[in-house]
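Notes follow once the structure below has been shown.
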Amino acid sequence: MLWKRQIPILIATVVGLSTLFGWFIDHPTIESFVNDDATQWYDILASFAIFLGALNLMKLQGKKIIKQQSGWQYSIFAIGGFFFAIIAGFIYKGNDAVEWGIHVTSKGTLFKWMFEYMFTPLSATMFALLAFFVASASYRAFRVRNLEATLLLVSGIIIMVGRVPLGSSISSWFIMYLLVLIATLVVNVKFKDKKITFGALLGGLLIVTIWGSLLGWPIDQPNLFYLPILQDWIYNNPNVAGARAIMIGIGLGIFATSIRYILGLEKSYIGE
Amino acid sequence: MDKLFDLILRAGTVDRRWIFLVIGLAVLLPLFFPLGLPIRATIATQKVYDAVEALEGNSKVLVSFEYGPSTKPEIHPMTVGLLKHLFTNGHQVYVTCLWPDGQFMAEEALTEVAEEEFNLSYGEDYVLLGFRPGNEAVVKGMVSNIRKLYTTDARGTLVDDIPMMKNINKVADFDFIFSASAGYPGTVEWVQYASDPTGVPISTGTTSIQVNDIMPMVNSGQVQGILAGMPGAAEYEALIGSPGIGTSGMDAQSIAHLVIVLFIVFGNITYFIEVQRSKKY
Amino acid sequence: MLKDKEFWLVAGGMSLAFIIYWLAGTPLFKEERIVMFLVIVIMSANLIYYTRFARKGGEIFLRAIPGLKAVEEAVGRSTEMGKSVLYVPGIMDMDQVETVAGVIILGHVSKMTSRYETSLNVPVSRSIVMKAARETVREAYTMEGRPDLFQDDMVHYLTDDQFAYAAGVNGIMVREKPAACLYMGKFYAESLILAETGNSIGAIQIAGTASQSQIPFFVTACDYTLIGEEFFAASAYLSQSPELMGGLKGQDMMKAGVTATILLSLLMRILFDLGLIKWNIISILTVQ
Amino acid sequence: MIGPWIAAFLTLAILSYLYKDNPFYKVAEHLFVGISTGYWTSMFFWTQIQPNLFGRLWPATEYNSDLLWYKFYNLLGIFSSVFPDGGINKGHHMELLYLLPFALGIMMLLSVSSKLSWMARWGIAYTVGMAAGLRAYGFLNSNVLGQIRGSAFQIFNSDLPFFALVGESTFNNFIILIGTITGLMYFYFSREHTGTFGRLSKLGIYFLMISFGASFGFAVMGRISLLIGRFVDLITYSGSAYNHATLWLLLAMILLLGYSAFADKNNASKDEPTIEK
C-alpha cells in the first residue's frame, strides 16, 4: 500500500509545493527547475507514455481483426497507417543527406512526404468540417428564445458581418431602416393594433429619411449604426467585461482546485 | 398565408445536409466568380501597417512562424504580405519557428516572396534560423543569447558564417518582432518573455479565434496592432497594395457570412411562426 | 486531517518560522513577488478554514447547478434506452488542471454507470490520461461493489492528434450511437465537431470546460454546459463530501474578495489621481 | 506524383462525412488515427526523448570513452541512429538529475502489465503535482491579479472623453467594470440567485452571452477561412498539372456513394415490413 498510495500522494504534494513556492525563491537551481525542468520532465514522461497508448490502440484494433468484429476491415488501415508512420519515423529516412533526428522536420524525407500528403490534408479537412458545423449549429441554436439567446445572436451577427468587407459596404442608414422595421414588428406583436403599427412604421421611416437627407447619407455616420465600428465597440467593451468575469472565475477555480490536489484533499486521479 | 407558413415551416425542418451544401457552394462559387468587394482596413490592422512603416530603413526584423498547415489559410497570407512589405522597405528579415511545421511554412513563404518575387540573396537580406524545440524556453533563450540556441541555421550553415548575423546576439538587437501565431507557443509567449522585458516592439497576426486572447494586450499597447484572421490579411494586402490569397478569399468569406446570417434569420422566422401557432392552439 | 489543537500548533509554527525568516532578511526570497506570496497564503488559508468548517459540521448552502442534475438523468436515460454513455475527458494531458478535474468527474459518472449497469465508453487522447482514468473507473466500480462489470477497454486510447481524435470519436458516435455524451475537460477547435455530431445522433449532451474560446460552442450545441468555474465546482457538488463543498464556500469568499479589491483599488486610484494619497495601488498589482 | 492524388482523395473522403458515415470516411478516419499515432510517437521520440533526455545523459561535450558511463553508452551504439558515436550533440550539458524522469518513464512503460499497473501512479502524481503548482501561480497571477489591475481604471482622467465608440472612454470603462462584477456574481455558488442579487447576476449573464456571441462570430470567420483554404487546395489539385486528380476522384466517389445509397434503398424495401400510418 505504501508504494501504491502514500508515495504517489507524497510525490504530488512535494512536487506541487516546490513548484508553487519555487516561484518565490531566488536560487538558480530552483529557478531553472520551476522555469524549465519541471515541464521538461513532464514532456519526457509523456513521450514515454505515448508508447503505451500506441500499444493500446494496436491491441484493440488487432482484436477487432482477429475476432472479425463489425468493421474489422477498416482496422487494417489503422494498423497499416501506424506502421507506415513508424517506418518513416524510425527505419527508413528516404533522404540520406539528412541526419536522424532532424529528419522529422526536414525536406525530402519520407516522413515529410507523409506529413504533406497524408497528415496535412486529413487534419486540415477535419478542421475545415467546422465551417459546415458552425453553420448548422448557428442555424439551429440562434433563436430569439429569451433575452439571453437574443444577445448572443445579435452580438454574433454584428461581429460576423462587421468584420468582413461586406460589412463595411453596408450603410448605417440601411441598418437604421432595418431597425425601424424590427421595431415596428415588436410594436405589432405588443399592441396588436394596425393603426399604431402603421404609425410607428411611418414615423420611423420619416425620421430616418429626414435625418439622412440632412446629413447627406454618409455611409459610416452615425457611427453607432455602422457595423465595422459597432462590432469594434462590442468587441472591446461588453465582450471584454464578460470574458474578464469568466477569466477571473477560471483563475480562482484552477487555483482552488490546484491547492486541493497539493494538500491531498482530492486524490481520485490516482484511483482513491 | 397559412400555406406560405406551412412551406416555411417545412423548409425549417430541412435535413442539415442541405445547409452543408449551401455553405459549400457559398464558399466555392465566389472563388470562381469573384465580386471584388472593397476592403477597408480596421484600426488594429492599420496599427500593424503603421508600425512597420515607422521602422527606419535597413532595420532588423524578427519574424516568427508559429502555425502549421491546418491554420495555413488564415495565417499564411499575412506572412506573405508582411514579408513583401518588409522587403519593399528594404529591411533585413530573420525567421525563427516555434512550431516544427512552422519551418515548412517559412520555407514556402520565403521561396515565394524573397527568392521568386524579390530575388534577394540568402544570408544578406534574409535568413531562416529554423525550428528549435522547447516552446517558451526558446523565446527565453533567444532573449539571453541567440548564438547558444542557434549554432547553425535551418540549412546547416554556421551562424558565424552568415553575414547578416553579425552584431546579432540577442532579441534586444532586433528593431521589431512579428509573431505569426496560431496558438501555443505563440504571441503570448513572445510578449511575456521577449517584448515586455526587452522593450522591442512587437506586432502580431493570429487566427480569428485567438484574437480574443490577444486583444487586451493590443489595447494596453503591449502589442502594436493585430492582423485578425484572413480578413486581417486581406486588409493588410490592401494597405500595401498587393492583393493576394487573402483578398481573393474575402468574397467567399463575405458571402458565406451573409449566408449564415440569412440562415439564422430564416431559422428565427420559422421559430416565430411556430411560437405564434402554439399560442393559438 | 489534523485535530484543532494540532492544526493551530502547525499553523502557528509555520507563521513563527516565516516571521523569523522575515526578520533574518529574507535570504533568497524574490521580494518583488511578495504580493503574490501573501495572496496565495491568504487564499489558501481561507480555503483551509472553510474546509475545516464544513468538516466540523458547519452548514453550507449551495445553489443548484442544472447541468449537474442532468448528469444523473442522462445516465438514467441511457440505461432505459439500453445504450452506452460516452465520456470525453478533453484532448489535453494531465498537466492541465482541467483534465484532472475531468478525470475526477469521470469517477463520479462511472459510479452512476456501475449502479445502473450501463456501459461506459471513454476514448482518450493522452496515454497518461488513459492510465489515470482507468484507475479512477476501476476504483469507482470496485467501490460500488461491481468490479465484475469493469473492463480495461472501457477507457481506451485513440491518438494524441487533435483532429484524428475528433475523427475517431466521431466514428464511435455515429456507429455506436450513445444516448448520452459528456464532454468534461480542456477542449480546443474539436469541441464543435464533437458537439454537432452528438447532436445529430440525438444524444443528451452535457459539457463542462474552462477553455474560454470553446464555451460558446458548447453553449449553443449542448443541452447543458458547465461554464468556467462551475466546471471546477462540479466534482465537489457530485462528491457531496463536506470538505470539498466547504472549499466552494471558500472560493465564493475569494470572489467576494476579488470584487472588493476591484472596488477598493478604483477608490484608491481616485484618491491617488486627485493627489490625496501618495501611493498608487497599481504598483502592487503589477507582478512579474 | 502519387502524393497529390492521395491528398485529394483523403480530403474528399473526409468531406464525404457531411453526406453521411460511409466507407470512404471510415477508411480515412482509421488511417488518420493510425498515422497520427505513429506520427506523434516518432515526433515525441525525436524532439523530446532523444535530444532532451538522452542528450542530457550522454552529451557529446563531455564524451570520454574511458568512463564507465560512456562505455555503457557505446554498448547502446548498436542503435546508431539514436546513439551516434561520440555522444549526443544537442547543446546540453550532462545532467544526471534527468535519470529521475527517465525512471518515471520506464515505470510508466512497465505499468502495461496489470500486476505493475500501480507504477504509472508515480508518473501521474508527478504530473498532477507539477501542474497544480505551476498553474496555481500562473492563473492567479494572470487571470486574477492581472484582471483586477485591468479593472482599476482611471476615473479622473482628463484625456479620456466621457463617451466614444472608438477607443477608450470613461463610459466604456464603466461598462467593463459593471459587466465584470455582475458577471462574477453569476458564479456565486453559496447564495440563492434571487432578489437584487439575482437581478444583478442576471445582468452578469447578459454580459457573458454577448461575450459568447462575439467569440462565436469570430469562430465563424476563422472556420470559413479554413474551408476557403481547403477548397483552394482542391482547386489546385484539379489542375492539369495533377492530371485533374480532384475531378476524377470526386466523380468516382459520387458514383460509388450514389450506387451504395441506391443499393441501400432496395435492401431496405426488401427487408423491412411496410408500416402504414
- R0 of 41 Å, Cβ-Cβ distance A:ILE65-D:LEU68: FRET efficiency to nearest 0.05: 0.30
- Note on the structure: By the DSSP-based rule, helices of chain A that are at least 30 Å long along the axis (C-alpha) and have a mean Kyte score of at least -1.0 are A:38-67, A:120-141, A:194-215, A:238-262
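Quick check on the protein assembly as shown: take the gyration tensor over C-alpha atoms, sort the square-rooted eigenvalues as a ≥ b ≥ c, and tell me if it's rounded (a/c under 1.5), prolate or oblate. Walk me through the numbers before you get to the answer.
Numbers: a/c = 1.17, a/b = 1.12, b/c = 1.04.
Since a/c stays below 1.5, the shape of the protein assembly as shown is classed as rounded.
Tell me which DSSP H helices of chain C clear both cut-offs, 18 Å or more of axial length from alpha-carbon atoms and a mean Kyte-Doolittle hydropathy of at least -0.5.
On the way: long enough: C:4-23 (28 Å, 1.01); C:34-55 (31 Å, 1.57); C:66-81 (22 Å, -0.32); C:97-116 (29 Å, 0.65); C:127-143 (24 Å, -0.08); C:162-176 (21 Å, 0.39); C:242-273 (46 Å, 0.69).
Sorted by number, the helices that extend far enough and score high enough are C:4-23, C:34-55, C:66-81, C:97-116, C:127-143, C:162-176, C:242-273.
Order the peptides D:70-81, A:252-263 from the highest to the lowest mean number of other Cβ atoms within 10 Å of their residues. Write out the running numbers ahead of the final one.
On the way: D:70-81: 12.2, A:252-263: 26.0.
Top of the packing list down: A:252-263, D:70-81.
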- Rounded, prolate or oblate: pick one for chain D, where a ≥ b ≥ c are the square roots of the eigenvalues of its C-alpha gyration tensor, a/c under 1.5 means rounded, and failing that, prolate if a/b is larger than b/c, else oblate. oblate
- Yeah, segment A:160-252 with a ≥ b ≥ c from its alpha-carbon gyration tensor (a/c under 1.5 is rounded, else prolate when a/b outruns b/c, oblate otherwise) is oblate
- Name the long-range amide H neighbours of A:ILE25: under 5 Å, sequence gap of 5 or more, or other chain; modelled H, no Pro or chain starts. C:LYS30
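For the protein assembly as shown, give the share of DSSP beta bridges that are antiparallel, in percent and rounded to the nearest 5; count only bridges with both residues there. Before the final figure, lay out each step's value.
Numbers: 2 of 47 bridges.
Given both bridge residues lie in the protein assembly as shown, the antiparallel proportion sits at roughly 5 percent.
Read-outs throughout are calculated quantities, based only on the coordinates presented, and are distinct from any laboratory measurement. Keep in mind the model is a prediction, meaning the values are calculated, not measured. Note: ideal-geometry Cβ built from the backbone for every residue, glycine included; neighbour counts use all protein chains shown.
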